[in-house]
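One structure is given here, and the rest of the page talks about it.
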Amino acid sequence: MNLSIRQEKNEDVVVLYLSGEIDAFTATKLREELIPLAEMGQTVRVDLSGVDYIDSTGLGVFIGALKATHITEGNLTLVGMSTRIKRLFSITGLDEVIAIDEEGSK
Amino acid sequence: MEQTVQNLEETYKSILQTFLNRKSEQGLYEAQQFSKVLLEHQISPEELVSIHRAVLEELYPSVSVEIVDSLDLLLEVMMGYGLAYREHQSLRDRQIELESQINVAANMQQTLLPKAVPTVDQLDIGVISVPANKMSGDYYHFIQDENECVGVAIADIIGKGVPAALCMSMIKYAMDSLPEQRLQPAALLENLNRVVEQNVDDNMFITMMYGSYDPRTHDFHFSGAGHEPGFFYKASSDQFEELYAKGLVLGVSKRVKFREYSQRVDQGDFIVLLSDGVTESRIGDRFVERAEITNLIRKYMHLSAQELVESVYYELAKLQEFILKDDFTLMIIRRKV
């Protein structure tokens, strides 16, 4: 179980490329990268093309980031979800509160 | 204690003497056994060096001063190991203490779950809930009112272990304090959502499905807050359908409206509610398919609801070699007559 995170900053957008699994063990790593960006009011795109599994702790990190962007007027968009992950966001109703860019989905 | 040290010194003396006289394997074996006795008596490495020095001088009064003095040096060096050893001891004691506290908490948590399933003439209800570790993040709840309406809740708190368990007690007390809304699923979830949103950390959330079964009309009214879909088994067509209520998980947003769904239940039909620990059972490196779960339910559906959930649990646990990755809860509500 591993998660690798690559950060790219183009103009006003920070893109996080994730690959691996986001679970109770790797969620801390994601939280440390994502939450400060959200708290700074950044526009963040998270590319999940390389992610094949997210558990509830992983979802919690995205919820935490979403709440932070509400305070700072930042912006969070998720792209590149697999069918399994899209189902997870749909079941939990999070697809209606977090921006999901369908383009770039596989 | 003085007495024991005296005894140990005597024993060590005889072991050393025998060994130096015969240089046999037996002597080395005795030394190994003796080290276990030392650990039992919590004798530190530097204490042993001190014993060694005393015994050596006693047995061989003519031993060279350099050798005796060198043992003093060794004794100093060994003190570091002695400290590490005592630290290890105290960590071990603390671990035992923590473990016993968690056991007490786990027992307390069990008391938050219903002790028995409601008895209603027309219904057969079965439930099993097994934590992956000692404490569980899965929760279920039954409520029965004077009209024999049965309210069922199944919830999954993010994460596992102690934090999830603490959050679970909040849900339990919040549900207990909402009597007037008891049997209206959407209103109940809206109320709970307010409590959860105000009281949890930003990264926490809870998924829940709540339904109310009316045995007079045989309608099941339900609402969902992002919970794993269940199944509905329709006896007339002998088919499983997905039982899903769309809605946002609890604790994310202050104002959320939940939709209420309704399912007519005929004789022989049954409702299956579950936590994602069931659907995320891992077999080798793949996840179990939902169709495999309904196949398992079908295999055992001639049994009573309780035997059914226990049999399905047993088969899924066996496939994972009895090491659950997530808390597992499965509930079945069947209309008998």
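Nothing in this text is a laboratory measurement; each read-out follows from the coordinates by a stated rule. None of the values given here were measured: they were computed from a predicted structure. A quick note on method: Cβ atoms are made from the backbone with ideal geometry, for glycine too, and the neighbour counts reach across all protein chains shown.
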Proximal aspartates and glutamates to A:LYS29, defined as alpha-carbon separation beneath 19 angstrom and excluding residues fewer than eight positions away on the same chain: A:GLU8, A:GLU21, A:GLU39, A:ASP47, A:ASP52, A:ASP55, B:ASP201, B:ASP202
Gaussian network model of chain B, Cα within-10 Å springs - most flexible of B:LEU273, B:LEU91, B:LEU59: B:LEU59
Top positive-direction residue, dipole computed over the range B:160-285 with Cβ charges, set B:GLY224, B:MET209, B:CYS167: B:CYS167
Using a Förster distance of 41 Å, the FRET efficiency for A:GLN7-B:ASN107 (Cβ separation, nearest 0.05): 0.35
Extension gain (nm, one decimal) between B:LYS336 and B:LEU319, 0.36 nm per residue minus Cα-Cα: 3.0 nm
Which of B:SER24, B:SER35, B:VAL120, positive extreme of dipole for the range B:1-120 (C-beta unit charges): B:VAL120
Percent antiparallel among DSSP beta bridges (both partners in chain A, rounded to 5): 30
Nearby lysines by direct alpha-carbon distance to B:LYS36 (threshold 20 angstrom, same-chain neighbours under 8 apart not counted): B:LYS13
Percent RCO, i.e. relative contact order, over chain B, from Cα pairs under 8 Å lying at least 6 residues apart: 16
Label point at A:THR83 placed 7 Å out along Cα→Cβ; residues across the range B:281-316 whose backbone nitrogen lies under 18 Å: B:286-293
For peptides B:207-219, B:255-267, sequence by mean Cβ density within 10 Å, most packed first: B:207-219, B:255-267
Rel. contact order, % - alpha carbon contacts under 8 angstrom, at least six apart, the range A:3-101: 27
Computed over the range B:185-243: relative contact order in percent, which uses C-alpha pairs under 8 Å that are six or more apart: 28
Residues B:ASP285 and B:ARG194, FRET efficiency given R0 of 41 Å [Cβ-Cβ distance, rounded to 0.05]: 0.50
Gaussian network model of chain B, springs between alpha carbon atoms under 10 Å - residue of B:LEU248, B:LEU56, B:LEU192 with greatest fluctuation: B:LEU56
Between helix B:161-176 and chain B: long-axis angle, C-alpha atoms, 0 to 90°, nearest 10: 30
GluC sites (Glu not before Pro) within the range A:21-76: DSSP coil, no more than 13 neighbouring Cβ in 10 Å: A:GLU73
Using alpha-carbon coordinates, inclination of helix B:2-22 to the longest axis of chain B, degrees: 60
GNM result for chain B, Cα springs below 10 Å: residue of B:ASN21, B:ASN203, B:ASN107 fluctuating most strongly: B:ASN21
At R0 = 45 Å, FRET efficiency that the Cβ-Cβ distance of B:TYR29 and B:GLU97 yields, to 0.05: 0.80
Tilt relative to chain B, helix B:305-319 - C-alpha long axis, 0 to 90 degrees, to 10: 50
Distance from the range B:172-246 to the range B:62-94 (C-alpha centre basis), Å: 63
Helical mean residue ellipticity (222 nm; -39500 (n - 2.57) per DSSP H run of 4+; nearest 500) of the protein assembly as shown: -15000 deg cm²/dmol
Listed pairs B:LYS257/B:LYS299; B:LYS134/B:LYS336; A:LYS67/B:LYS318; B:LYS134/B:LYS257; B:LYS246/B:LYS336; B:LYS115/B:LYS299 exceeding 32 Å between Cα atoms: B:LYS257/B:LYS299; B:LYS134/B:LYS336; A:LYS67/B:LYS318; B:LYS134/B:LYS257
